[in-house]
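Below is one structure, written out as structure tokens; the observations come after it.
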């Protein structure tokens, strides 16, 4: 398991939450020719912003079991935390249907706003779920800038964010001294 795959895994789990409402697609920003189907809920990853909470050079001591069941101790960097911003855009034939689905999405996110981390847990998280929160203060001007950047027509959308962690792959393993022997030199006394 490569823990760095946490982002696509979490985005897929986030998208799966909406499959009971309509077909869900994750926007590929490289594919500018993609056509939106109706009905469709489009998930767009808007960005990743690293959250700096500690000295980036600080190391912490960790313990874990290796493949043979032996405990190994090592120093590693703290997990890097990232705030992920996503946009949820419904594409329905009528404006009324679009607004209805926006209400359903908002209600769904109110009732089911967590994603389990499972095998992608990071060291400092202790298997706590990822919490999805609405993006505060996403005014219309900011929304229009996003649609202009995506080169697509404006659609009413909802904006969410969540925090993930990615661990360092570098482990500075150290060994403890289990036993130390001292040999004393014995001098023979002269008669």
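Mind sorting out which of (i) 25.5, 113; (ii) 20.8, 67; (iii) 16.3, 50 is the real Rg and Dmax of the Cα atoms in Å computed from the coordinates?
(i)
Can you report the principal axis dimensions of the range 1-92 using only the alpha carbons, biggest first, rounded to whole angstrom?
Taking the Cα atoms of the range 1-92, the three principal extents are 54, 32, 22 Å.
For the chain, set up a GNM with springs between Cα atoms under 10 Å and report which of 86, 45, 135 has the largest fluctuation.
Looking only at 86, 45, 135, the largest GNM fluctuation is found for 135.
Just want to confirm a number: the relative contact order over the range 36-92, from Cα pairs under 8 angstrom separated by 6+ residues, in percent. Don't jump to the answer; show the numbers that get you there.
Values: 85 pairs, mean separation 31.4, N = 57.
Relative contact order of the range 36-92: 55 percent.
Hey, what did the chain get for relative contact order, percent, Cα under 8 Å, at least 6 apart?
Numbers: 277 pairs, mean separation 50.0, N = 191.
It comes to 26 percent, rounded to a whole number.
Could you check the spin-label model distance between residue 163 and residue 5? Points 7 Å from the Cα along Cα→Cβ, value in nm.
2.6 nm
What is the distance in Å between the Cα centroid of the range 51-70 and that of the range 103-155?
Going from one Cα centre to the other spans 28 Å.
Just so you know, all these numbers are worked out from the coordinates, no wet-lab data involved. What you see is a predicted model, and the numbers here were worked out from it, not measured in a lab. When we count neighbours, we look across all protein chains shown, and the Cβ atoms used for this are built from the backbone with ideal geometry, even at glycine.
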